[in-house]
Amino acid sequence: MHTSAMGIAVFHGFTSTRASMEPVAESLREAGFTVDLPLLPGHGTRWQDLNRTSRHEITRAALASYDRLAARCAAVATVGLSMGGSLALHVAAHRRVEAVAVINPGLRLAPLTGPTAWALGRFRPTVASIAGDIAKPGVTEEAYARTPLRAVVQLDRLFAQVRGELPELRRRGTPVLLFRSGTDDVLPPSSANTLIKILGEDQLRVVDLPRSRHVATLDYEADTIQRQLRDFLRSPAPCPRAL
(Lines give C-alpha, C1' and ligand atoms only; values in the text may rest on other atoms or scores of the structure.)
Protein backbone atom coordinates (compact mmCIF):
# COMPACT_ATOMS: atom_id res chain seq x y z
CA MET A 1 0.00 0.00 0.00
CA HIS A 2 1.33 3.43 -0.93
CA THR A 3 1.75 5.70 2.08
CA SER A 4 3.68 8.61 0.58
CA ALA A 5 3.47 10.53 -2.68
CA MET A 6 7.24 10.52 -3.34
CA GLY A 7 10.07 8.39 -2.04
CA ILE A 8 13.72 9.38 -2.50
CA ALA A 9 16.58 6.88 -2.64
CA VAL A 10 19.75 8.68 -1.53
CA PHE A 11 23.23 7.24 -2.14
CA HIS A 12 26.59 8.20 -0.64
CA GLY A 13 30.00 8.07 -2.31
CA PHE A 14 32.94 5.68 -2.59
CA THR A 15 34.73 4.91 0.73
CA SER A 16 32.30 7.29 2.49
CA THR A 17 29.24 6.76 4.70
CA ARG A 18 25.66 7.97 5.06
CA ALA A 19 26.96 10.97 7.02
CA SER A 20 27.97 12.75 3.80
CA MET A 21 24.36 12.61 2.58
CA GLU A 22 22.51 12.90 5.87
CA PRO A 23 22.03 16.71 5.59
CA VAL A 24 20.39 16.17 2.20
CA ALA A 25 18.28 13.31 3.52
CA GLU A 26 17.13 15.32 6.54
CA SER A 27 16.18 18.28 4.35
CA LEU A 28 14.07 15.98 2.18
CA ARG A 29 12.40 14.39 5.20
CA GLU A 30 11.49 17.81 6.56
CA ALA A 31 9.94 18.63 3.17
CA GLY A 32 7.65 15.60 3.49
CA PHE A 33 9.46 13.07 1.32
CA THR A 34 10.03 9.46 2.37
CA VAL A 35 13.78 8.84 2.31
CA ASP A 36 15.83 5.65 2.09
CA LEU A 37 19.54 6.25 2.74
CA PRO A 38 21.33 2.88 2.72
CA LEU A 39 24.86 2.21 3.91
CA LEU A 40 26.27 0.62 0.78
CA PRO A 41 28.02 -2.78 0.91
CA GLY A 42 31.67 -2.63 1.91
CA HIS A 43 31.30 0.79 3.52
CA GLY A 44 31.20 2.02 7.11
CA THR A 45 33.32 -0.85 8.47
CA ARG A 46 36.92 -1.49 7.31
CA TRP A 47 38.58 -0.79 3.97
CA GLN A 48 39.31 -4.51 3.72
CA ASP A 49 35.58 -5.13 3.42
CA LEU A 50 35.30 -2.74 0.48
CA ASN A 51 38.25 -4.45 -1.19
CA ARG A 52 36.21 -7.67 -1.19
CA THR A 53 33.02 -6.04 -2.47
CA SER A 54 32.01 -6.25 -6.13
CA ARG A 55 30.24 -3.52 -8.04
CA HIS A 56 27.34 -5.94 -8.50
CA GLU A 57 26.76 -6.08 -4.74
CA ILE A 58 26.65 -2.29 -4.65
CA THR A 59 24.27 -1.94 -7.60
CA ARG A 60 21.98 -4.60 -6.11
CA ALA A 61 21.84 -2.61 -2.88
CA ALA A 62 20.90 0.52 -4.81
CA LEU A 63 18.11 -1.27 -6.66
CA ALA A 64 16.90 -2.73 -3.35
CA SER A 65 16.63 0.79 -1.95
CA TYR A 66 14.35 1.74 -4.85
CA ASP A 67 12.28 -1.40 -4.36
CA ARG A 68 11.73 -0.67 -0.66
CA LEU A 69 10.44 2.78 -1.52
CA ALA A 70 8.33 1.61 -4.46
CA ALA A 71 6.48 -0.71 -2.08
CA ARG A 72 5.45 2.31 0.02
CA CYS A 73 5.36 5.30 -2.32
CA ALA A 74 3.44 6.30 -5.41
CA ALA A 75 6.62 7.51 -7.12
CA VAL A 76 10.37 7.28 -6.53
CA ALA A 77 13.30 9.58 -7.38
CA THR A 78 17.02 9.00 -6.87
CA VAL A 79 19.75 11.28 -5.51
CA GLY A 80 23.48 10.62 -5.21
CA LEU A 81 26.91 12.08 -4.62
CA SER A 82 29.96 10.90 -6.62
CA MET A 83 29.68 7.08 -6.87
CA GLY A 84 26.21 7.57 -5.41
CA GLY A 85 25.43 9.70 -8.45
CA SER A 86 26.33 6.84 -10.77
CA LEU A 87 24.09 4.58 -8.69
CA ALA A 88 21.22 7.08 -8.92
CA LEU A 89 21.58 7.02 -12.71
CA HIS A 90 21.92 3.23 -12.78
CA VAL A 91 18.67 2.76 -10.87
CA ALA A 92 16.92 5.17 -13.23
CA ALA A 93 17.99 3.02 -16.18
CA HIS A 94 16.52 -0.12 -14.60
CA ARG A 95 13.45 1.11 -12.71
CA ARG A 96 10.69 3.63 -13.29
CA VAL A 97 12.18 6.75 -11.70
CA GLU A 98 10.44 10.13 -11.73
CA ALA A 99 13.61 12.20 -11.52
CA VAL A 100 17.33 11.99 -10.75
CA ALA A 101 19.59 14.48 -8.96
CA VAL A 102 23.36 13.99 -8.93
CA ILE A 103 26.13 15.89 -7.17
CA ASN A 104 29.54 15.62 -8.87
CA PRO A 105 28.51 12.25 -10.29
CA GLY A 106 30.99 9.49 -10.93
CA LEU A 107 31.06 8.55 -14.60
CA ARG A 108 34.78 8.72 -15.33
CA LEU A 109 37.96 8.47 -13.29
CA ALA A 110 41.09 10.31 -14.31
CA PRO A 111 42.72 8.66 -17.35
CA LEU A 112 44.42 5.31 -16.64
CA THR A 113 43.27 5.27 -12.99
CA GLY A 114 41.51 1.93 -13.38
CA PRO A 115 44.36 0.06 -15.13
CA THR A 116 46.90 1.59 -12.76
CA ALA A 117 44.86 0.49 -9.73
CA TRP A 118 44.65 -3.04 -11.18
CA ALA A 119 48.40 -3.24 -11.74
CA LEU A 120 49.40 -1.60 -8.46
CA GLY A 121 46.85 -3.62 -6.50
CA ARG A 122 48.79 -6.79 -7.23
CA PHE A 123 51.60 -5.48 -5.01
CA ARG A 124 49.94 -3.22 -2.45
CA PRO A 125 46.37 -3.13 -1.13
CA THR A 126 45.74 0.60 -0.68
CA VAL A 127 46.76 4.16 -1.48
CA ALA A 128 46.05 7.41 0.35
CA SER A 129 42.49 8.40 1.14
CA ILE A 130 40.45 10.35 -1.42
CA ALA A 131 38.07 11.62 1.25
CA GLY A 132 37.64 15.13 2.58
CA ASP A 133 37.75 17.24 -0.60
CA ILE A 134 35.86 20.10 1.08
CA ALA A 135 36.63 23.82 0.90
CA LYS A 136 34.83 24.83 4.09
CA PRO A 137 37.24 24.93 7.05
CA GLY A 138 36.64 22.63 9.97
CA VAL A 139 34.43 20.18 8.07
CA THR A 140 35.50 16.55 7.70
CA GLU A 141 34.08 13.63 5.79
CA GLU A 142 33.47 10.34 7.57
CA ALA A 143 35.29 7.85 5.33
CA TYR A 144 38.06 5.27 5.15
CA ALA A 145 41.58 6.50 5.90
CA ARG A 146 42.88 4.46 2.95
CA THR A 147 41.59 3.79 -0.57
CA PRO A 148 41.51 0.06 -1.44
CA LEU A 149 42.84 -0.53 -4.94
CA ARG A 150 40.80 -3.58 -5.88
CA ALA A 151 37.74 -1.53 -5.07
CA VAL A 152 38.97 1.24 -7.39
CA VAL A 153 39.02 -1.31 -10.23
CA GLN A 154 35.41 -2.19 -9.42
CA LEU A 155 34.54 1.51 -9.33
CA ASP A 156 36.06 2.06 -12.76
CA ARG A 157 33.96 -0.80 -14.13
CA LEU A 158 30.84 0.55 -12.47
CA PHE A 159 31.36 3.95 -14.10
CA ALA A 160 31.83 2.29 -17.50
CA GLN A 161 28.64 0.30 -17.01
CA VAL A 162 26.61 3.38 -16.11
CA ARG A 163 28.02 5.36 -19.05
CA GLY A 164 26.57 2.66 -21.26
CA GLU A 165 23.19 3.03 -19.58
CA LEU A 166 22.85 6.78 -20.07
CA PRO A 167 21.22 6.48 -23.52
CA GLU A 168 18.36 4.65 -21.80
CA LEU A 169 17.77 7.68 -19.58
CA ARG A 170 17.84 9.83 -22.69
CA ARG A 171 15.27 7.59 -24.36
CA ARG A 172 13.01 7.75 -21.33
CA GLY A 173 13.37 11.51 -20.98
CA THR A 174 13.99 11.21 -17.23
CA PRO A 175 14.49 14.70 -15.73
CA VAL A 176 17.99 15.07 -14.28
CA LEU A 177 19.42 17.79 -12.03
CA LEU A 178 23.21 18.07 -12.01
CA PHE A 179 25.13 19.93 -9.29
CA ARG A 180 28.69 20.64 -10.39
CA SER A 181 31.41 22.02 -8.11
CA GLY A 182 33.89 24.65 -9.24
CA THR A 183 36.85 22.63 -7.96
CA ASP A 184 37.01 18.84 -7.73
CA ASP A 185 40.20 16.98 -6.85
CA VAL A 186 38.50 13.57 -6.88
CA LEU A 187 36.87 13.34 -10.32
CA PRO A 188 37.91 14.95 -13.62
CA PRO A 189 35.64 17.44 -15.46
CA SER A 190 34.99 14.74 -18.06
CA SER A 191 32.88 12.88 -15.51
CA ALA A 192 30.08 15.46 -15.34
CA ASN A 193 30.66 16.43 -18.98
CA THR A 194 29.79 12.88 -20.03
CA LEU A 195 26.33 13.37 -18.59
CA ILE A 196 25.95 16.75 -20.27
CA LYS A 197 26.96 15.36 -23.67
CA ILE A 198 24.54 12.43 -23.61
CA LEU A 199 21.48 14.03 -22.07
CA GLY A 200 19.75 16.84 -23.90
CA GLU A 201 19.09 20.35 -22.67
CA ASP A 202 15.39 19.48 -22.54
CA GLN A 203 15.93 17.00 -19.71
CA LEU A 204 19.10 18.14 -17.91
CA ARG A 205 19.35 21.13 -15.58
CA VAL A 206 22.83 22.18 -14.39
CA VAL A 207 23.54 24.08 -11.16
CA ASP A 208 27.10 25.31 -10.69
CA LEU A 209 28.59 25.43 -7.20
CA PRO A 210 31.60 27.78 -7.58
CA ARG A 211 32.64 27.77 -3.91
CA SER A 212 32.39 24.03 -3.30
CA ARG A 213 34.67 21.07 -3.83
CA HIS A 214 33.85 17.39 -4.41
CA VAL A 215 31.90 16.67 -1.22
CA ALA A 216 29.58 19.58 -1.92
CA THR A 217 26.84 18.27 0.39
CA LEU A 218 29.04 19.28 3.34
CA ASP A 219 30.55 22.39 1.78
CA TYR A 220 29.74 26.10 1.47
CA GLU A 221 26.79 25.62 -0.87
CA ALA A 222 25.09 22.76 0.96
CA ASP A 223 22.03 24.96 1.52
CA THR A 224 21.85 25.68 -2.20
CA ILE A 225 21.82 21.96 -2.94
CA GLN A 226 19.11 21.29 -0.40
CA ARG A 227 16.88 24.15 -1.54
CA GLN A 228 17.18 23.50 -5.26
CA LEU A 229 16.82 19.77 -4.76
CA ARG A 230 13.56 20.19 -2.84
CA ASP A 231 12.17 22.50 -5.53
CA PHE A 232 13.22 20.13 -8.32
CA LEU A 233 11.69 17.07 -6.72
CA ARG A 234 8.41 18.84 -6.02
CA SER A 235 7.95 19.51 -9.73
CA PRO A 236 10.48 17.69 -11.91
CA ALA A 237 10.19 18.69 -15.52
CA PRO A 238 9.84 17.58 -18.20
CA CYS A 239 7.68 14.57 -17.39
CA PRO A 240 9.22 11.18 -18.19
CA ARG A 241 8.18 9.68 -21.48
CA ALA A 242 6.09 6.52 -21.45
CA LEU A 243 8.20 3.39 -21.21
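Considering only residues that are within 20 Å of Arg55 (Cβ to Cβ) and touching a residue at least 40 places away in the same chain (Cβ under 8 Å), which ones fall in region 163-187? Selection gives Arg163, Glu165, Leu166, Glu168, Leu169, Val186, Leu187. Residue pairs whose Cβ atoms lie under 6 Å apart, sitting 6 or more positions apart in sequence or on different chains, and linking a residue in region 81-106 that is free of Cβ contacts under 8 Å to residues at least 40 places away in the same chain and over 29 Å from Gly132 (Cβ atoms) to a partner that is open to solvent by 10 Å² or more (accessible area, probe 1.4 Å) and not aliphatic (A, V, I, L, M), are Arg95/Tyr66. The single condition from (1) more than 27 Å from Asp133 (Cα to Cα); (2) in contact with a helix residue (DSSP H, G or I) (Cβ under 9 Å, 6 or more places away or on another chain); (3) open to solvent by 10 Å² or more (accessible area, probe 1.4 Å); (4) touching a residue at least 60 places away in the same chain (Cβ under 8 Å) that Leu63 fails is (4).
So, Gly114, is that one without any contact (Cβ under 8 Å) to a residue 60 or more places away in the chain, small (Gly, Ala, Ser) and either assigned to a strand (DSSP E or B) or within 18 Å of Leu195 (Cα to Cα) (or both) or not?
Numbers: without any contact (Cβ under 8 Å) to a residue 60 or more places away in the chain: yes; small (Gly, Ala, Ser): yes; either assigned to a strand (DSSP E or B) or within 18 Å of Leu195 (Cα to Cα) (or both): no.
No; evaluated as a whole, the condition is false for this residue.
Taking residues in region 209-221 that are within 17 Å of Ser129 (Cβ to Cβ), and partners anywhere that are in a loop (DSSP other than H, G, I, E, B) and β-branched (Val, Ile, Thr), the pairs with Cβ atoms closer than 6 Å and at least 6 places apart or on different chains are Arg213/Ile134; Arg213/Thr183; His214/Val186; Val215/Ile134; Leu218/Ile134; Leu218/Val139.
Does any residue of region 7-26 turn out to be surrounded by fewer than 19 Cβ atoms within 10 Å (Cβ to Cβ), assigned to a loop (DSSP other than H, G, I, E, B) and not polar (S, T, N, Q)? Scanning region 7-26 turns up no residue that is surrounded by fewer than 19 Cβ atoms within 10 Å (Cβ to Cβ), assigned to a loop (DSSP other than H, G, I, E, B) and not polar (S, T, N, Q). Checked against (1) surrounded by 15 or more Cβ atoms within 10 Å (Cβ to Cβ); (2) part of a loop (DSSP other than H, G, I, E, B), Arg122 meets all criteria but (1).
Please determine whether any residue of region 187-209 is touching a His at 6+ places or on another chain (Cβ under 8 Å) and of a type outside the set (Gly, Ala, Ser). Can you show your working first?
Start the filter on region 187-209 by keeping residues that are touching a His at 6+ places or on another chain (Cβ under 8 Å), which leaves 187.
Filter once more, keeping what is of a type outside the set (Gly, Ala, Ser): 187.
Yes, the conditions are met somewhere in region 187-209.
Within region 45-68, the set of residues being in contact with a Pro (Cβ under 6 Å, 6 or more places away or on another chain) and under 18 Å from Ala143 (Cα atoms) comprises Trp47, Leu50, Asn51, Thr53, Ile58.
Table: residues versus (1) surrounded by fewer than 19 Cβ atoms within 10 Å (Cβ to Cβ); (2) touching a strand residue (DSSP E or B) at 6+ places or on another chain (Cβ under 8 Å); (3) over 20 Å from Gly106 (Cβ atoms).
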residue: Val35; (1), (2), (3): no, yes, yes
residue: Gly44; (1), (2), (3): yes, no, no
residue: Gln48; (1), (2), (3): yes, yes, yes
residue: Thr59; (1), (2), (3): no, no, no
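Are any residues in region 54-67 of a type outside the set (A, V, I, L, M) and out of contact with any His (no Cβ under 8 Å at 6 or more places or on another chain), and if so, which ones?
Here is the first cut: in region 54-67, the residues of a type outside the set (A, V, I, L, M) are 54-57, 59-60, 65-67.
Result: Ser54, Arg55, His56, Glu57, Arg60, Ser65, Tyr66, Asp67.
Counting only strands (runs of 3 or more DSSP E) wholly contained in region 127-219, the ones carrying 2 or more residues that are open to solvent by 30 Å² or more (accessible area, probe 1.4 Å) occupy 204-209.
Within the option set Ala145, Ala151, Ala160, being without any contact (Cβ under 8 Å) to a residue 60 or more places away in the chain and hydrophobic (A, V, I, L, M, F, W, C) holds for one residue only, Ala160. Restricting attention to region 68-102 and to residues that are in contact with a His (Cβ under 8 Å, 6 or more places away or on another chain), at negative phi and in a loop (DSSP other than H, G, I, E, B), the residue that is surrounded by the fewest Cβ atoms within 10 Å (Cβ to Cβ) turns out to be Ala74.
The values are calculated or read from the model by the stated rules, or taken from the named source; none is laboratory data. Computed from a predicted structure; not experimentally measured. Quick reminder, even Gly has a Cβ in these numbers, built from the backbone with ideal geometry, and neighbours come from all protein chains shown. Ligands, DNA and RNA are stripped out before the accessible areas are found, and what is left, the full protein with its side chains, is counted by its heavy atoms. Shrake-Rupley method; radii C 1.70, N 1.55, O 1.52, S 1.80 Å.
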